[in-house]
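Every number here is computed from the coordinates shown, using simple stated rules; none is lab data. Keep in mind that what you see is a predicted model, and the values were worked out from it rather than measured. Methodologically, a virtual Cβ is constructed for each residue, glycine included, from the backbone with ideal geometry; neighbour enumeration extends over all protein chains shown.
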Amino acid sequence: MARKFGLGSLLRVSVKFTDLDGDSVDPTVVKLSHRDPSLNVTHLVYGVDAIVKETTGVYYFDIDADEAGVWYYRWWSTGTGQAATEKSFTVLAALAV
């Protein structure tokens, strides 16, 4: 089931990187890209941008869901712990009050 949120939500997107044995690992480079419904893409790199390392192998970023529609995001890493995952969520339009 697609995740749905209200317009203006602050959404935490997270990832956990593991090795082939399932043990948590910190990749050499961690990146996140997210695309809003207007097709604007933001690229982030851990250590340069506001990506937060919570613990070994676990990273997160908070997205300001300021536009209604489908948002996409992709975590990926290079070097040690190379991996990639892509997900989406839907932001619902605000009701007129």
Selection from V48, L10, V58, by position along the positive dipole direction of segment 4-92 (Cβ): L10
Please enumerate, by chain and number, the lysines with C-alpha under 16 Å from the C-alpha of K4, excluding those fewer than 8 residues away in the same chain. K87
Which label belongs to the value computed from this structure, given these candidates for Rg/Rh (Cα atoms, Kirkwood Rh): [x] 1.50; [y] 1.11; [z] 1.03? [z]
So which aspartates and glutamates can K16 reach, going by Cα to Cα under 16 Å and dropping same-chain residues fewer than 8 places off? D26, E54, D62, E86
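Give me the net charge for the shell around W75: Cβ to Cβ below 12 angstrom, other residues only, Lys and Arg +1, Asp and Glu -1. Walk me through the intermediate numbers first.
Values: positive: K16, K31, R74, K87; negative: E86.
It works out to a net charge of +3.
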GNM on the chain, Cα springs under 10 Å; top mean-square fluctuation among R35, R74, R12 goes to R12
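If each residue's Cβ is checked for other Cβ atoms within 10 Å, how do K31, K53, K4 rank with the fewest at the top? Numbers along the way, then the final one.
Working: K31 19, K53 13, K4 10.
Lowest to highest Cβ neighbour count: K4, K53, K31.
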Summing Lys, Arg as +1 and Asp, Glu as -1, what charge do residues with Cβ under 15 Å from the Cβ of T56 carry, T56 excluded? -3
Assertion target for V15, V58, ordered by fewest C-beta neighbours within 10 angstrom first, is V58, V15
